[in-house]
């Protein structure tokens, strides 16, 4: 499954595929761009199958419903919704186009890297664990970005050690996506990524 979002401020591609041999993907994602902001989430339900999908899907629904709230508040809502469910790891990215800032928070093994035209990389470290409904503290950080910056948000199904050079050396999100095709056949887990370029 592939989705696209394009405005005057961003071009983004999301791609998702289930683990080889499986029919249900335990990952879920949501992304949405307006003229003011972009928000994206990837959630990876623990385990596999229907229970994993249920946890990841309800998280994405919460992000869609409360996307105008701040990231920490959204994560708090996400944590509450998975109580008595399987649980999930999750990363939320929210970009403010007017102030050229992005806010990011992550729990678990989903990764994010942003590369700026001036050669700077930003890769916030997630806190360990997963959302389960238990009381939890989050690490939410805000950073500046430059026009032309590129980023990737991906679940642990994407195994790639050259992600920094891929962002640096690729001219577009389409180019990055095409290069990632090489890694799809060898996946050993559900795989989801969101790539974006900011203008």
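Each value in this text was obtained by applying a stated rule to the coordinates, not by laboratory testing. These numbers were taken from a predicted model, which means no experiment stands behind them. No Cβ is skipped: glycine too gets one built from the backbone with ideal geometry, and neighbour counts run over all protein chains shown.
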Quiz item: What single numbered condition from (1) crowded, with 17+ Cβ neighbours inside 10 Å; (2) out of contact with any helix residue (DSSP H, G or I) (no Cβ under 9 Å at 6 or more places or on another chain); (3) over 17 Å from residue 136 (Cβ atoms) fails to hold for residue 103?
Solution: (2)
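Just give me the residues in segment 2-51 being touching a residue at least 12 places away in the same chain (Cβ under 8 Å) and at positive phi, in sequence order. So that I can check it myself, show each step before the final result.
Residues of segment 2-51 touching a residue at least 12 places away in the same chain (Cβ under 8 Å): 2-3, 5-20, 22, 24-51.
Once the filter is applied, which keeps residues that are touching a residue at least 12 places away in the same chain (Cβ under 8 Å) and at positive phi, segment 2-51 yields 47, 49.
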Quiz item: Got at least one residue in segment 84-100 being in contact (Cβ under 8 Å) with a residue 60 or more places away in the chain, closer than 23 Å to residue 167 by Cα, assigned to a loop (DSSP other than H, G, I, E, B) and under 16 Å from the mean Cα position of the chain (by Cα)?
Solution: no
Quiz item: When residues of segment 172-184 are filtered for being in contact (Cβ under 8 Å) with a residue 12 or more places away in the chain and either exposed (fewer than 13 other Cβ atoms within 10 Å of the Cβ) or touching a strand residue (DSSP E or B) at 6+ places or on another chain (Cβ under 6 Å) (or both), how many remain?
Solution: 3
Self-check item: Subset tally (residues that are in a loop (DSSP other than H, G, I, E, B), surrounded by fewer than 21 Cβ atoms within 10 Å (Cβ to Cβ) and in contact with a strand residue (DSSP E or B) (Cβ under 9 Å, 6 or more places away or on another chain)) for segment 10-56
Solution: 4
